[in-house]
Structure formats: C-alpha cells, structure tokens
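Here's the structure, in structure tokens; my notes come after.
The values are calculated or read from the model by the stated rules, or taken from the named source; none is laboratory data. Quick caveat: nothing in here was measured; it's all calculated off a predicted structure. For neighbour counting, all protein chains shown are included, and Cβ atoms are generated from backbone atoms with ideal geometry for every residue, glycine included. Surface accessibility is based on the protein's heavy atoms, side chains included, excluding ligands, DNA and RNA. Shrake-Rupley method; radii C 1.70, N 1.55, O 1.52, S 1.80 Å.
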Amino acid sequence: MNKFLGNRAAVAVFILPALLLYSVIVFWPLLQTLYRSLFQWDGLNPGTFLFLDNYKELFQDELFRTSVYNGLIFAVIIAVFQIGVGTLLAFGVADAYVKGRKWLRISFFIPVVLSVTVVCQLWMAVYNGEYGLLNRLFQAFGMSYRQDWLSDPDKAIYAIAMVNAWHFMGYHFALLFAAVKSIPEHFLEAARIDGASKWKAHWLITVPLLRETYRFCLVLAVTGGLSAFAQMFIMTGGGPGTSTYTLTYLMYRSAFRINEFGYGSASAVVLVIECLIVTLLINRLVARDRIVY
Amino acid sequence: MHTWMIRLRRQAPLSQLLMWIYAVLSVYPLLWMVFYSLKDNNEIFVTNPFGPPLSPRFENYSTAWHSFQVPVYFLNSVLVSAATVAGAIVLSVMFAYAAARMRWRFRETARMYMVVGLFIPVQVILLPLAVLMRDIHLANSLLSLIVPYIAFNLSFATLVFYGFFRTIPFELEESACMDGASIYRTFWSIMLPIVRPAIATMIIFVFLSAWNEFPLALILISKEELKTLPLGLLFFQGQFTTDWGAMGAVMTMASLPTVLLYVFFSEKVESALTVGSAVKG
C-alpha cells in the first residue's frame, strides 16, 4: 500500500503540471512586483535601482492620497450596503410564510452572473445626464432634480460604488442566506417563546451565530473595494479629473500610460499590504471560533 | 388576539413589500436594458422610456450582430472559457488527488504554497504578467488569456477538490491496490467518479469567472480579432453612443449565456459561486 500511494513517478505526474504553471504565472510575478517596485523601470530596459525612492515619492503624491481615500470610501460603501441589505433580505426570505421565495432569491442573485462591462455600461445608461433612467424617474415623479451623476467630482465615486454594491449584493445575500438556513430552528423558537419579536430574536440569536460568515463577507467586500479598478476604468476613466482614482487605477496608469512600471509596482505593493492589514484586523475583531451545532 | 391579526403579523406585509421592492431594484435595470434593445432612439428617449417596446425592433439584434465584431468576440469568449475550464479542472484535480491521498515529502508545504494564491489579488501581478507574456511571445494569442486564467483558478479549485478527496475512505484505494489496479487506473476509474459533484460545481465556477473576466483581458489583449466579450463590448461604447438600441442588443446577447445558465441551474450556480465560504473560512 505504501508503495502504491508513495509512487514517486505518479506523484510527479500529478503535481508538476499544476505546480509549474502556478509558480510561473502567479508566484513569480508576485516576487517580480516586489522586486521591481525598488526600480525605476519602463518595462523594457534593465532599469535603475532606487531602493525605496518609489515609495517615498508615492507617499508625497497627491494622487496616491486620493487613491487610498477612494479605495476606503468604496470599501465602506459596498461592505455596509451588501452585508446590511444582504442580512435583512436573508432574514426576510428565510421566513417560511413569505410567498414567492424562489423568485425573490433569483431576482436578488441575477446581477452577480453578469460581466462587469455589461453592468457598468448599463449603469452609465441609467446615470446618463440627459436620457438616463434615474433622471427620467425623477422627472416622472415631477421633480426637476437633474444630475449628471458621473461628471460631478464629489459624487462620482459614490455613484460608482453603488454600481458595485448593486452588482454583488446577491452574492452576499446567498452566503448569508445559506448560513441562516443552517441554524437549527429551535434556537429562534426558544427566543420567540420567551417573547422576543422576530427581528429582535434575529438580532440576539442569529447575528452572533453568523460571525464566521460575516468575517468572510467582510474580507471579501473590503479587499474587493480597496482594489477596485474595472468600474473606474469603464465608467469614468479615473475622472472627472482624478477624482475616482484607486490604487489599482494608479498602478494601471503609471505602467501603461506613462511607462513607469516601477512606480506602478510600488502602488501594487502598497495595495497588498493594505489588504493584508484589513484582513488581519477583521480576523482579529470578528472572533474565529467555528460553531458546530 | 384575533386569528387574522396573528396571520397578518406572521406574514409581515411590510417586510414582504420591502423585499419585493428590492427585487424590482435588482431586476428592473436589466429589463430596462432588454426593453431598450428592442426600441429606436425616439422611443427610448421620448415616447416610451420605461415600458416594454410597443413594436419590438428585432432588427437591432441583426444590426449589432452583423455590423460589428460580435461573432468574433463571442467565439473567443467560448474558446477561452472552454479551454480554461478543461485546463483548470484537469490540473487541479490531479494536484488535489496527490495532495490529499498520496504519501510524499513536502506534501503539506506544496499544499500551503498553492493556498497562498488565494490571497494574491490579480491586480498585484498584472504588470509583471504583461511583461512575462510579451517576453515568452504569448502576447496577442488566445493562449495569453487561457494560460493565466488556468493558473489563477488553480489555488481555489485544488482547495475545493482537496476537501472532497479527504472525505473518501482509504479502504477504496486499498482494495483497488489488492485487485492489482495501477495508481492511474485507480485515480481515473474510482476516484474521479466519486468527486463528480465537485467537478460539476467547479465547471460552473471556472466558466463564470473566465467568461466575465476583465482586467487581465484588458492588459494582455490588444488585437481586435482576439478580444473576448467583456473587452470587445467596451469599445462599442464610442461607436454606439448614438444608437442605444444596438448597444442594448449587444449587451443583452453578451449576458444571455450566463443568465440562462443561472436561470436553469439556479441552485447549482449559487452553491458553486459561494462554495468558497466553506473552504476559505
């Protein structure tokens, strides 16, 4: 048996293709990003070693501050919206008296399967200053409130964040709904018998039991928000001006618009560190004991 | 309390109403898109901005399909997604089998090394990857998308398959070994059929992520004839600003495969996309 499962040739056949591909395409570029962030490099020529100068420059760059700030706004908006609304809807749909639960679930989840390009272009049409759905709705209700949502430097980042919030709410809903369903019913019943209302019972019993799921949702939403890119690229091109830059956008622009691959790599490294810190923080703050019923 | 009051409280009309309002918020923008894909500009902008088209203009679809590169993008998306699904699943099932069942040194190290990939955001390795693809002369072929897409799905897929393989009793391999089957034969005829449900789940997961992928495609592909749908669609934006109907038609067509997949296998798709919470946690 040991010879059977310890067959070295077979182990090599099974693991090497995956290991090689992963090392070359995922791991090696990661090391490259770290290494190249210490250089002034145009992506072609050998480049000059700068040590930490890219980082020094980065921390003094006005654009870097905007990018970090926008990433935080984006992360907070999508985390609050997706997890908050997802929780309420999950509690609602979990109630057996609700009619049409299947249709509700499908409606909530359907945007998740769309591509980011379709979603962004659809919302550009919704936000359109002249003919957009949103302005037409205000008009239909007799309000003269007209906005060019994506052209206002103060509002654009919020408008973009709402698109992502809408796109992936259903994902968090599905995660939370599955977790709510896995809690044995007598937990809630006990609270109800003691006189708690449905929502109070959920707040006191269900929410604490969902801790594991919340931890996962939070990490997902916050790291996703910090590294946002596609929405800005498609909907505003980082603008108006530079008002919707994020770290990934800064990286993209540095490398592919002005050929500063080293500087771009430095902002990518800052992004990784940022993501690591929030992941650790979330793991710290949201206790991680696994609950077994 | 009267029975009707109890019933009313149980059915919670207010919270039901709010749920349906969100359902409308979630779906109506999509319906609106399908509606306007069947209208002309006058109907979209002036006469009927919200409702279904009064006289559906299916010619928007043929205009969009024929006058731009939609068929090419579609074919590229199909090819890239299919190759990614096949490659990612074959490689990760093999790796996961060896990591979960076989006995070798550095087994845990190799597994952890693979898991690290889960925590690396794609964005972080875009730049070196673009340079690498250029240097190994893969840039501007479909392989320059397929190879990274496979690699990016490996960490997650191996983790899911690993979890499945661990639940299978070792007696199965013992008896296969006694009966004289080779390890390859055991893997192929005994283990693979057992993990079939996990394979189905991962096919859906990998397909959706490859079909919808955007940032890598943006950076690695510039030739028009190699673009996938999410990328190709982007460049209609400029050309179609004046023809909303055709733009809507292109967007609807691009979304159809994943939406249909979801509508027909909704529970499967939901569990495929959320399988991560169980293993990543």
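For this structure, a couple of remarks:
- Cα→Cβ-extended label distance, 7 Å offset, between A:Arg101 and B:Phe264, nm: 2.7
- Three-way shape call for region A:62-285 based on the alpha-carbon gyration tensor, with the a/c threshold at 1.5: oblate
- Span-rule helices in chain A, defined as complete DSSP H runs reaching 24 Å or more along the axis (Cα) with Kyte mean at least -1.0: A:62-94, A:156-181, A:261-285
- Accessible surface of chain B, 1.4 Å probe, proportion on carbon and sulfur as whole %: 68
- A:Asn259-A:Glu130 FRET efficiency (beta carbon distance; Förster radius 30 Å; 0.05 resolution): 0.20
- The order of the peptides A:53-62, A:192-201, A:66-75 by mean Cβ neighbours within 10 Å, most packed first, is A:66-75, A:53-62, A:192-201.
- Region B:34-64 and region B:161-232: distance between their alpha carbon centers, rounded to Å: 42
- Full extension of the chain segment joining A:Arg211 with A:Ser23 gains 64.3 nm, where the gain is 0.36 nm per residue of separation less the Cα-Cα distance.
- R0 of 56 Å, Cβ-Cβ distance B:Glu59-A:Lys3: FRET efficiency to nearest 0.05: 0.20
- Förster radius 35 Å - calculated FRET efficiency between A:Glu57 and A:Ser151 (Cβ-Cβ, nearest 0.05): 0.70
- Counting only whole DSSP H helices of chain B, the ones at least 30 Å long by C-alpha along their axis and with mean Kyte-Doolittle hydropathy no lower than -0.5 are B:13-36, B:70-101, B:143-166.
- Members of A:Lys102/A:Lys200; A:Lys99/A:Lys181; A:Lys99/A:Lys198; A:Lys99/A:Lys200; A:Lys155/A:Lys200; A:Lys155/B:Lys223 lying beyond 28 Å, as alpha-carbon distances in this model show: A:Lys155/A:Lys200; A:Lys155/B:Lys223
- When the square roots of the Cα gyration tensor eigenvalues are ordered a ≥ b ≥ c, the ratio a/c for region B:1-156 is 1.5 or more and a/b does not exceed b/c, which makes its shape oblate.
- Sparse packing (at most 15 other Cβ atoms within 10 Å of the Cβ) combined with a DSSP loop state is found for the following chymotrypsin sites (Phe, Trp or Tyr not before Pro) in region B:79-133: B:Phe106.
- Over region A:62-285, accessible surface divided per residue gives 41 Å², non-protein components excluded, 1.4 Å probe.
- Rounded, prolate or oblate (a/c below 1.5 giving rounded, otherwise prolate when a/b exceeds b/c) for region A:183-287 by Cα gyration tensor: prolate
- Separation of alpha-carbon centers, region A:165-217 and region A:91-160, rounded to whole Å: 26
- 16 Å cut-off, amide nitrogen to a point 7 angstrom out along B:Ile203 Cα→Cβ, residues in region B:67-101: B:79, B:81-93
- Between A:Asn45 and A:Ser144, the distance separating the two model label sites (each 7 Å from Cα on the Cα→Cβ line) works out to 6.0 nm.
- Inter-site label distance for B:Trp20 and B:Arg185 at 7 Å from Cα along Cβ, in nm: 6.3
- Note on region A:1-127: with neighbouring protein chains present and a 1.4 Å probe, carbon and sulfur make up 69 percent of its accessible heavy-atom surface.
- Ordering of B:264-275, B:122-133 by packing [mean C-beta count within 10 Å, highest first]: B:122-133, B:264-275
- Convex hull volume of the C-alpha atoms in the protein assembly as shown, normalised per residue: 185 Å³.
- Radius 10 Å from Cβ of A:Val11, net charge of other residues (Lys, Arg +1; Asp, Glu -1): +4
- Probe 1.4 Å, accessible area per residue of chain B, Å²: 45
- Accessible surface buried by the A/B pair amounts to about 8600 Å², both sides summed, 1.4 Å probe.
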